[in-house]
């Protein structure tokens, strides 16, 4: 129940205030109404009806600072995020969100202010940067809505930049070219055998670089020809951090003989718990770049330069994952098998990523079906058999 009380300001003006109890039993008031009717209407909407419907919002709750809400929200998310996602979020907050909104009261943030901020940010930042920063603000304010600190999220309805639709550059290596690249990597002065095996593994098994970096001795079953993907290594602030694969799920990946043979001598020198691949200092392997700058002399581009391939044809480490998908599809793998091999969340995702590979096989399917029909039906394919009279 709310009470309307008349009072006089220090300037002698008559005003009205609403005195009421919050759901927790504490008493507070809302003052400054010029007319008693305005006070009554506010009390009915924000106190009486809100309490009855469970939508009560404490007007003072909006005084909480955005930075405090962000820290609370982040602490809830940390246990479920990978280190790379946490680092990306914290960097975006420090750079774009905190300086603008950290010291603001969440109840004072308006849609118009947010729209102006998004527009200004979009002038000299990419759509990805803007969307990530806006996403943090929106998630924090969603949390505030759920905690009944504000009535609604002012981020709703914002005009946002769109990411440009870019066709991803992919290099699909045919098998002879993949093997040739692996052999060239094997000629390196240091760790040649490891690098050859790594290229073959990436190109035939489709592991992500971090998954290959996290592969351990016990994850390789040479007898069954299987790799067990259960570790992943990412670099955060220049340091390797080991976690789970991207999909959070362990998976088994078939390993062709050419990969098994390349790994066998390496595993003979490894003990349980040892990584299969390492750099010259014994640490996890670092991602390789295909940049053509003169200073890039790491082993991956060095091998490509020795081969004399045009730079546009240089495969990145991730292109070898695409290569593995291409080889598997042309060898007859169906979508579901490819999904499990690559560790995608769903077969639909696999089709979205590699629709071009399956499209290219449509004519092969047509030819194979035609051949099967001809084999089963002989020369009668497409011809109507004559049916004796009385048998129709």
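The values are calculated or read from the model by the stated rules, or taken from the named source; none is laboratory data. Keep in mind that what you see is a predicted model, and the values were worked out from it rather than measured. All Cβ positions, glycine included, derive from the backbone under ideal geometry; neighbour counts span all protein chains shown.
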Notebook entry, point to check: Which condition number does residue 180 fail, the rest of (1) part of a helix (DSSP H, G or I); (2) more than 30 Å from the chain's Cα centre (by Cα); (3) farther than 18 Å from residue 290 by Cβ being met?
Noted result: (3)
Item checked: Output for the stretch 257-272, where each listed residue is outside any helix (DSSP H, G or I) and out of contact with any helix residue (DSSP H, G or I) (no Cβ under 7 Å at 6 or more places or on another chain) -> 268, 269
Check: Just a yes or no: is a residue in the stretch 221-240 in contact (Cβ under 8 Å) with a residue 24 or more places away in the chain, within 14 Å of residue 320 (Cα to Cα) and in contact with a strand residue (DSSP E or B) (Cβ under 9 Å, 6 or more places away or on another chain)?
Finding: no
Next item on the list: For the stretch 163-176, name all the residues that are in a helix (DSSP H, G or I) and in contact with a helix residue (DSSP H, G or I) (Cβ under 9 Å, 6 or more places away or on another chain).
Entry: 175
Item checked: Subset tally (residues that are touching a helix residue (DSSP H, G or I) at 6+ places or on another chain (Cβ under 8 Å) and farther than 13 Å from residue 140 by Cβ) for the stretch 70-89 -> 4
Next item on the list: Within the stretch 338-366, work out how many residues are modelled with pLDDT of 70 or more and either more than 15 Å from residue 322 (Cα to Cα) or loosely packed, with under 10 Cβ neighbours inside 10 Å (or both).
Entry: 4
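Quick grid of which residues meet (1) more than 17 Å from residue 278 (Cα to Cα); (2) modelled with pLDDT of 95 or more; (3) within 19 Å of the chain's Cα centre (by Cα); (4) not in a loop (DSSP other than H, G, I, E, B):
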{"site": "202", "(1), (2), (3), (4)": "no, yes, no, yes"}
{"site": "223", "(1), (2), (3), (4)": "yes, no, no, no"}
{"site": "233", "(1), (2), (3), (4)": "no, no, yes, yes"}
{"site": "242", "(1), (2), (3), (4)": "no, no, yes, yes"}
{"site": "247", "(1), (2), (3), (4)": "yes, no, yes, no"}
Next item on the list: Could you please find all residues in the stretch 42-67 being modelled with pLDDT of 60 or more, out of contact with any strand residue (DSSP E or B) (no Cβ under 9 Å at 6 or more places or on another chain) and surrounded by fewer than 13 Cβ atoms within 10 Å (Cβ to Cβ)?
Entry: 45
Margin query: Could you check the stretch 4-41 and list, in sequence order, the residues that are touching a residue at least 24 places away in the same chain (Cβ under 8 Å), exposed (fewer than 13 other Cβ atoms within 10 Å of the Cβ) and more than 23 Å from residue 148 (Cβ to Cβ)?
Written below: 6, 7
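If you go through the stretch 319-328 one residue at a time, do you hit one that is over 28 Å from the mean Cα position of the chain (by Cα) and more than 14 Å from residue 180 (Cα to Cα)?
Applying the first criterion (over 28 Å from the mean Cα position of the chain (by Cα)) to the stretch 319-328 yields none.
No.
A quick yes/no check of all residues on (1) modelled with pLDDT of 90 or more; (2) touching a strand residue (DSSP E or B) at 6+ places or on another chain (Cβ under 7 Å); (3) more than 23 Å from residue 315 (Cα to Cα); (4) surrounded by 13 or more Cβ atoms within 10 Å (Cβ to Cβ):
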residue: 260; (1), (2), (3), (4): yes, no, no, yes
residue: 263; (1), (2), (3), (4): yes, yes, no, yes
residue: 267; (1), (2), (3), (4): yes, yes, yes, yes
residue: 278; (1), (2), (3), (4): yes, no, no, yes
residue: 281; (1), (2), (3), (4): no, no, yes, no
residue: 285; (1), (2), (3), (4): yes, no, no, yes
residue: 290; (1), (2), (3), (4): no, no, no, yes
residue: 296; (1), (2), (3), (4): no, no, no, yes
residue: 301; (1), (2), (3), (4): yes, no, no, yes
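Going by what's in this entry, would residue 311 be described as more than 19 Å from the chain's Cα centre (by Cα), surrounded by fewer than 20 Cβ atoms within 10 Å (Cβ to Cβ) and not assigned by TED's automatic domain parsing to the domain that holds residue 259? Break it down into steps so the answer makes sense when it comes.
Numbers: more than 19 Å from the chain's Cα centre (by Cα): yes; surrounded by fewer than 20 Cβ atoms within 10 Å (Cβ to Cβ): yes; not assigned by TED's automatic domain parsing to the domain that holds residue 259: no.
When the stated conditions are applied, residue 311 does not pass them.
Residue by residue through the stretch 187-200, note down the ones that are surrounded by 19 or more Cβ atoms within 10 Å (Cβ to Cβ) and not in a helix (DSSP H, G or I). Even if it seems obvious, please write down each step before you answer.
First pass over the stretch 187-200, keeping only residues surrounded by 19 or more Cβ atoms within 10 Å (Cβ to Cβ): 191, 194-200.
191 - this is the single residue of the stretch 187-200 that is surrounded by 19 or more Cβ atoms within 10 Å (Cβ to Cβ) and not in a helix (DSSP H, G or I).
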